[in-house]
Every structure is written in structure tokens, then in C-alpha cells.
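Taken together, the values in this text are just the output of simple stated rules run on the coordinates, not laboratory data. No experiment lies behind these values; they were computed from the predicted model shown. Glycine also receives a Cβ, built like all others from the backbone with ideal geometry; neighbour counts cover every protein chain displayed.
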Amino acid sequence: MKIIILGANHVSISLAENLASEANDITLVDPDADLLREVKDRIDVGTAVGMPSYPDVLRAAGAEDADMLLAVTENDEINLVACQIAHVLFKTPKKICRLRSASYMSSEGLFSPGAIAADVVISPEQLVSHYIERLIDLPGSLQVLDFAEGKAQLVAVKAYYGGPLVGQEIRFLREHMPSVDTRVAAIFRRDTAIMPEGSTVIEADDEVFFIAAQKNIRAVMGELRRLDKPYKRIIIAGGGNIGSRLAEAVENRYQTKIIERNTERCEYLSERLNRAIILNGEASDKELLLEESIEDTDVFLALTNDDEANIMSSMLAKRLGARKVMTLINNPAYVDLVQGGEIDIAISPQQATIGSLLTHVRRGDIVNVHSLRRGAAEALEAIAHGDKHSSKVVGKAIEDIELPQGTTIGAIVRDEEVLIAHDNIVVQSGDHVIMFLVDKKRIPEVERLFQVGLTFF
């Protein structure tokens, strides 16, 4: 596929890295020639220097025969104009637009046929705030991913000493919980991925990824670790786009406070939010945190744009007694440094955004893509189509499907039913098949597996 990516930032560079490793023809466009030179030395991509929304720059980047345009610059207006130009001048088949402003996102009819020509609109802020909301709703989880509109969930937890399953083989999970069907999809042990088998022993401090129907998630978590009490009190540091969206989503269910340093922004938040308490001040102010009973706070969330400020305020909150600390970190190099120490969960906005973007890039009716463990592995949701003559999966039992190496099927969602993958289950047309890949180089093979042959048509 020939793909043009506009903007050289954390998200676009990670995306280019992901796609270039899968034999796509990638061109990165940005006004900063030095930055593009750096990227080109690291990744096998083409580059074009100039303003991403200018027609001549897009032409030089190869827009005339591009299959897809990904407009992911930091500027909403540039992204919108670039999509429109790609549509009018170059007839680009697919245009994906990243938007940060809630005003654009909430304006009805803006992206309807005949209006702004963006086929897919992605809001990183919306994705990240929804991701954090799921983590708050499921105490003790490190990652929560939805499949088939939330019918099935993939959850990552850290196995602790004292958990019923720690020190035992995975197959004992069924004996412990005969009425609950689940599957361990992946285990990360000391930063290494392990493909789990029935005989794999779960060790303390393992990061265990398991999939189950949404209603069974808490029961499975209880087998791996002591269940955390539901959260009640939340403090959000930073009332920017992510902080305000999150507060809006949770203020009716949790006691929510926002610490924001900008007075004007505080006034805006107090008008927009109904129940959340808005505090004007610095999140790293020890006296302010103590005044607001940080020791009784269940979750402290540092969600400003400044990584260093987020890390320092989180560490302070933890020292002062906050039960759980979640920190937004834009620099990928920091994420592995801080997670698991003072900071319980480091949240990477890039990973949330990249997963959503990759969903629209994948072939073969892949409807969901999630990065596991900050990109170390991937979870895919694909819809099976066709019949036993035209499809490589339909009409076959799971044990007979020729899966690429390092790939496992975790579950199948059929209508409203979640079927945990056992060897004898036969895939039907219309099934949502959820898979895990430890080796991302195998993704094109998975895509081909779910492409329908010509006999179907």
C-alpha cells in the first residue's frame, strides 16, 4: 500500500515505523527538513519537505497514486485542508484525519457526504480519556481493551504473591472456575513475551493478558490477584482536553477534583462541568495535595502536556498516600522507565492513537487493532466472511486453521455470545475472531487469512 503520512511527531513516526516494517510504501511530509533527515536515517521511508496542506507538496509526496492519506499533524486546520485537497485534486481513496478540538468533533454534518472529505476522523484526546475511564472502572487492571463493542474484553493484570493461580499451571484455571470460560492470551515476564500453553506456570510479577466475556472479567482477576476495592475519590492534575473529557465522563460516578494552574481554564471548567470540584493551583504543591486529602484519594491522574511535571506530581502524590497513580507520558522512552515503581500505570497517548489508526490501515476486514504492552505484541479483531470454499477460516475448526507462527485465537464473538477459543469450535461466517500476535511481521499473513477468495463473488 502507498501511504502518505502528514506531520513528523511522536504518533506519526511510531505509525511510520509500524507500517514500514510491514512492506508498505510510506512517505512522511513535514516542513522540518532536519527532523525528516533524522527519521529517514532510522526508518525506511520516503520524505517530502514542505507544508503538508500545500497541493504542490502533496504532489511531490506522490499523492496522485497514493492509496491512503493520514493527516496527523498537531494542527487541526492543516489536517482538514489536506484531506479536502487530497479528495478534490488527487482523488485519494481513503483519508484519515486527526482532530484535537472537541468543537469540530461535535459539529453534526461536518463530515457527511459532500462536506469535508475525511473518511475517518480520530480524536486522540477522546481515545485516551475513554481508555483511562476503563482503567478506573476496573480497579487493578493495567490495560483494558474492548472487542466486539465491549462484549469481550482483554485485560492485563500483574500476578501477585498469594493469588490462587500464582505458582500453578494455566490449565488449573478451569478447575478453579468451572463456570467461567476464559483464556490467557499472553504473558510478559521480565519484558519478554511468552506464548502460554496449558502447562505454563504463572509466576509472581507476571503481566498476564486474558480474554473473557465482560461479565466474567472481575472473577478471573480475582484468581490472579487480590481484588482491589472499587474507586470512589479521584484527583485529576491538568484540566486540558483529556482531563476535562475524563472529568465529564466520570464526575457522576466518582468524587472528582481537578487541579488546574490556569485561572481562565478553571473558569471554563467550572462552567462546563456539573459536579467536579475545580481547584486553581499546581499539582506538585505539597500543601495543596495535603489540604485536598491526598492520603484518602483512590486514583491520582497526572494528565498535563508536560511529561516531567506529570512524573514529579505523580511521585509526590504516591509518597503522600494516593492509592493508585496513573500518569500520561508522551515520550515513549520514559514509559518503561517509570511504570511499576512509584507510578502504577504509565499511559502512552501514542499507543492508543496508533491502535485506532492501524484499524483503518489493515486489510482483510480487520475491525479492531490494539497494541499490547506498548507495542510489544498486537491484538486483532477480524470478521470472518464467505463460505468454506472462498474463505480460509469459515467452516474450519480452530485446530485446523493454519495460523502464522506466534499467532493464537483467543475468542470468537458470535452475535451476542462470547465463545472462548477451544480447538473444536468451528468458525462461521459473520464471527468476530479475536487473535494475538507476538511477531508483528506476521500481520500481512493474518490479513490474507481473512481475505475472501474470488469464488465468493
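Distance between the C-alpha centres of segment 30-45 and segment 261-275: 40 Å, rounded to the whole angstrom.
Normalising the average separation of contacting C-alpha pairs (under 8 angstrom, six or more residues apart) by the number of residues puts the relative contact order of the chain at 10 percent. On a per residue basis, the convex hull of the C-alpha atoms belonging to segment 2-122 measures out at 88 Å³. Each 10 Å bin from 0 upward holds the following percent of the Cα-Cα pairs of the chain: 4, 19, 27, 27, 18, 5, 0, 0.
Rg/Rh, computed from the Cα trace of segment 291-430 with Rh as the Kirkwood radius, has the value 1.15.
Can you give the translational diffusion coefficient of segment 83-139 in µm²/s, computed by Stokes-Einstein from the Kirkwood radius over Cα pairs at 20 °C and 1.002 mPa s?
On the way: Rh = 13.0 Å.
It diffuses with D of about 165 µm²/s by this estimate.
Pairs exceeding a 25 Å alpha-carbon distance, out of LYS151/LYS396; LYS215/LYS257; LYS151/LYS229; LYS257/LYS286: LYS215/LYS257. Inter-part distance, segment 297-354 to segment 196-240, computed on C-alpha centroids, equals 18 Å. From its DSSP helices (H runs of at least four residues, each -39,500 (n - 2.57)), the chain gives a residue-normalised ellipticity at 222 nm of -9000 deg cm²/dmol.
Inter-part distance, segment 136-176 to segment 390-429, computed on C-alpha centroids, equals 21 Å. In this rough spin-label picture, where each label sits 7 Å from Cα along the Cβ direction, the GLU282-VAL367 distance is 5.0 nm.
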